1. I'm trying to understand the selection: among the residues of the range 263-311, which are part of a helix (DSSP H, G or I) and of a type in the set (Val, Ile, Thr)?
2. Would you call Thr299 under 26 Å from the mean Cα position of the chain (by Cα) and more than 30 Å from Arg384 (Cα to Cα)?
3. Given (1) of a type outside the set (Gly, Ala, Ser); (2) in a loop (DSSP other than H, G, I, E, B); (3) buried (at least 18 other Cβ atoms within 10 Å of the Cβ), identify the lone condition not met by Met181.
4. Tell me, which residue of the range 184-196 that is at pLDDT 90 or above and not in a loop (DSSP other than H, G, I, E, B) is nearest to Arg156 (Cα to Cα)?
5. Given the structure, is Ile144 part of a loop (DSSP other than H, G, I, E, B) and in contact with a Phe, Trp or Tyr (Cβ under 8 Å, 6 or more places away or on another chain)?
6. Could you list, in sequence order, the residues of the range 225-241 that are aliphatic (A, V, I, L, M), assigned to a loop (DSSP other than H, G, I, E, B) and either in contact with a His (Cβ under 9 Å, 6 or more places away or on another chain) or at pLDDT 90 or above (or both)?
7. Inspect all residues belonging to the range 302-317 and state whether any of them is under 28 Å from the mean Cα position of the chain (by Cα) and at pLDDT below 90.
8. Could you give me the residue pairs with C-beta distances under 6 Å whose first residue belongs to the range 24-39 and is closer than 15 Å to Leu85 by Cα, whose second residue is in a helix (DSSP H, G or I) and aromatic (Phe, Trp, Tyr) wherever it lies, and which are 6+ apart or on separate chains?
Amino acid sequence: MIARGESESRIALVDCNNFFCSCERVFNPALQGKPVVVLSNNDGCIISRSEEAKALGIPMGAPLHGQQEVIRKHGVHVFSSNYTLYGDMSARVMSILREEVPAIEVYSIDEAFLGLPSNFTEENARTLRAKVLQWTGIPVCIGIGTTKLLAKLANRHAKKNREIKGGVFDLVHYPDPDGIMAATPTDGLWGVGKNLALRLKGMGITTALEFKQADPAAIRKSMGVIGERMMRELNGIPCLELEEMPPDKKGVMASRSFGSPVETLQELEEALANHVARAAEKIRRHGLLSTRMEVFLRTNRFRKDQPQYSPGIGITLDRPTNATGELMSTARELLHRIYRPGYRYKKTGVQLAGLVSEEEYQPELLDQPRARIDVDRIVDEINRRLGDPKNPVITRASQGTIQSGKGWRMRSERHSPHYTTDWKQLPVVRSGS
């Protein structure tokens, strides 16, 4: 007789604990056991909290200015977001996971679904968790289920009972999975937001178990095929496949809110040129060409005492391209069309859309290829080796300088060093005398 779950395919969800805060702690051990928060762009809101910060009642997404009293009172350590560091640490975690399992889907910067081999046990999961912690310093929790949704549910239980479960929970071999579901509210399920939870409540469904046992016809009528798939996943029927290859990108957007309001066209040009450079590098990295560009401006809609103007404009490119110079020139022309003096702009950005593969693109009959040195790719390689795409060592004159862009550059007053990607910012260890 085959024990329950032994013949079933299984999926694990690996989720890094309080990832941004954990990254900051790796290179600053003095932060262990201390309350830590990480801020969003422009140091606006709190987007990551250590367990100690959560215990102080600091809400997720809370504006920094509204938490100053509790921060001062309890000595909370506050950091600006350091996405260069977080991205590199994420890549290190994912590379370890790839070595241990036959299939992996990187779901987000701090989460990955794993397709588990048949002989993978809960003890293997604990060994994997210990390996990630030892090699990167990042603590993770691992949940195991027969579907993605159940793996998410198992991971949730592992996190909420970390001291008891040791950061690993196997729902497949747990003797009472329905008991776990009965204790899980519907808004604790992956994909169930506030509005969907209210709709389910209107149907008399308030827990994951009630959702699992609901009438399929009623679920499909009220929630459509998405709700029916979620119900099937709760019943152990896989409906969401593991995506080992990420889906093709339809567009790439680059934009940032300014550190302070911008009024001059020159500053807007510099900011937009930087966004174009970043977007162009990204599509080159994926071997793509853009066939359409969109540029937009935004004033601060929350400032009711100021006039508002938030235009956008798009254009189909004469030919697909990923050349930074060509894209910058087009973006500049579009910006000039929509810019109006007298407004205090809060944000600008660019979207490269209609992306096509370089390998599959068929040029027009009269489109003569130009023989030229691919300067962009040379610059990309230098920046990857000596800097990073968000902090390149080589830029174009139209991108301005650190001194020239004081207004539009993002506020980042509590930034930690790029410990892993910048030679000048490597940690220094000094021996005692």
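The values are calculated or read from the model by the stated rules, or taken from the named source; none is laboratory data. Computed from a predicted structure; not experimentally measured. Neighbour counts run over all protein chains shown; Cβ positions are idealised from the backbone, glycine included.
1. Val276, Ile283
2. Taking the combined requirement at face value, the residue satisfies it.
3. Unmet condition: (2).
4. Gly188
5. Considered against the rule, which asks whether it is part of a loop (DSSP other than H, G, I, E, B) and in contact with a Phe, Trp or Tyr (Cβ under 8 Å, 6 or more places away or on another chain), Ile144 comes out as no.
6. Ile237
7. Checked the range 302-317: at least one residue is under 28 Å from the mean Cα position of the chain (by Cα) and at pLDDT below 90.
8. Partner pairs satisfying both residue conditions: Val38/Phe20.
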